[in-house]
Amino acid sequence: MEPRRHFTFWRAIRLGSFHVGSAMGDILVTSIWNRILITNFGIPATPVGLLIALRYLLSPLSLWAGNLTDNKRFFGLRRTPLIWLGRALMLLSLPLLGLSVLRLGASAGDWLGWGSALLSSLMYGVGTLISGSPYLALVRDSAPEERQGLAISVVEMLLIILYAIAGISFSFWMPVYDARVFWEMIAVTMLVGGFFWVFAIVGVERRVAAKAQGGRGAGEPGSGAPGLGLVLQTIWSDRRTRLFFAFLSLATLSAWTQDAILEPFGADVFGLEMGATTRFNSYWQAATVVTLILSNVIWRKRAPERQGRIAAVGLLVMALGMALLTAAGASGQRHLIELALFVFGGGFGVYSFGGLSLMAVMSPDRHAGAYLGLWSISILVSKGLGAFAGGVLRDLFFLRLALTPGVSYAVVFLIQALGLAAAVLILSRIDILAFARDTGRHVSLVEAQAAAGD
């Protein structure tokens, strides 16, 4: 295990700047690109949603990467080399994304266009997966036990802030589709994002000389590090771990069902332009930032083991937001959209604070990278399935069953709300406090009594 450094807010801010490139890239790939193909080019949402979801379906790579960085060093470092390798793949995928738009804009059946889109999705996805869990493990390693949840929460809060900033910036930069401007966005994302992917973590991890790489966690031959299969078997044998995986999966799938269809919803039901719909994500993400900041202020001293009820409240508020969006689609009430998105985003911030704290608790020191890799699998696969399911359901109700656009989208949003409520029921069955005790975390008597009261 790396020596822990003193946690400071500014250290977390620097680590969080890593997400500048993440936000810019994700807005291009899962917000602007899908809107162009579905709305501007008239391509069905199902194949587009499948390409967005494809990279998430490769998420077992996240578990492999997390376990590898738990037990191996490259050039004296554990987490950093794999993080940079993954982000390099993401950078190289972006020109292929531009090529796919160029080709598919000329012909929706162009094989080179679809091939470029597929290769771009694979490269971006693999890069995201092999760098994501090592990055979270690096953030976790940088904080003492009692601040680990807060450290992860701060860097994820910055990701959401940067999502909002990138979404608003791109919406003003390209209010209507322009191929030349789209290529400019790709070039700037590669330059700015690439810089921060290096700046954020260079020098954060302490290099260990070759002679000093023995001992626990070094992962060198003879260190006795368990194989990935044995680690996974140990993790999965605990019922609490399985339930937590199910909880994260359902909550994430339900939260992201709208990912690929939110902007087409504004265009199909209300005839809104690209600039207006691109800001939809910024609305709910801005609300998420506000409530996430408030959550950090209000509950920052609350033990991570006691964040279950907070996560549950956040999920129920998210469900309310989706219910309002259901009403907006079914009744054609344009003015309800922003209210629904703000409510949904506000709940997402509360849920994120509580859920990230629980992830830190459910990731014991010895195999933190592997546990975080498993949680990343849950989140990424479910996020991808959610995006894909949203596209499939939209096409089913709108194209196959020929329901009106408003009703078609409303049914999808209602299903999303019900899934969020069901995730709360699963969370209520997990004994987080007992898991923390059993895996060696220090839990005081006062914290245990407070958790019981919760």
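Considering region 101-130 alone, what residues qualify as being outside any helix (DSSP H, G or I) and within 13 Å of Ile36 (Cα to Cα)?
Our first condition is that a residue be outside any helix (DSSP H, G or I); within region 101-130, this holds for 107-110.
Of everything in region 101-130, just one residue is outside any helix (DSSP H, G or I) and within 13 Å of Ile36 (Cα to Cα), namely Ala108.
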State which residue is nearest to Ile310 (Cα to Cα) when the search covers only region 132-181 and only residues that are of a type in the set (A, V, I, L, M) and out of contact with any helix residue (DSSP H, G or I) (no Cβ under 6 Å at 6 or more places or on another chain). Leu150
For Ile201, which of the numbered conditions (1) surrounded by fewer than 20 Cβ atoms within 10 Å (Cβ to Cβ); (2) at pLDDT 75 or above; (3) outside any helix (DSSP H, G or I) fails to hold? (1)
In region 204-240, the residues that are surrounded by fewer than 13 Cβ atoms within 10 Å (Cβ to Cβ), modelled with pLDDT of 55 or more and within 17 Å of Phe74 (Cα to Cα): Arg206, Arg207, Ala209
Which count do you get for residues in region 349-401 that are free of Cβ contacts under 8 Å to residues at least 40 places away in the same chain and crowded, with 22+ Cβ neighbours inside 10 Å? 0
Matching residues, region 397-444, being at pLDDT 90 or above and acidic (Asp, Glu): none
Only residues in region 127-154 that are in contact (Cβ under 8 Å) with a residue 60 or more places away in the chain count as the first member; pair them with residues that are in a helix (DSSP H, G or I) and of a type in the set (D, E, K, R), Cβ under 7 angstrom, at least 6 apart or cross-chain, and list the lot. Thr128/Arg55; Ser131/Arg87; Ser142/Arg11; Gln148/Arg140; Ala151/Arg140; Ile152/Arg140
Determine if region 257-278 includes at least one residue that is part of a helix (DSSP H, G or I), at pLDDT 85 or above and within 18 Å of Gly149 (Cβ to Cβ). no
Failed item in (1) more than 19 Å from the chain's Cα centre (by Cα); (2) buried (at least 24 other Cβ atoms within 10 Å of the Cβ); (3) of a type outside the set (Gly, Ala, Ser); (4) more than 30 Å from Phe435 (Cα to Cα), with Gln307 passing the rest: (4)
Within region 279-304, restricting attention to residues that are in contact with a helix residue (DSSP H, G or I) (Cβ under 9 Å, 6 or more places away or on another chain) and in a loop (DSSP other than H, G, I, E, B), which residue is surrounded by the most Cβ atoms within 10 Å (Cβ to Cβ)? Ala303
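The values are calculated or read from the model by the stated rules, or taken from the named source; none is laboratory data. All values reported here derive from a predicted model rather than from experimental measurement. Cβ coordinates were reconstructed from backbone atoms using ideal geometry, including for glycine residues, and neighbour counts include every protein chain displayed.
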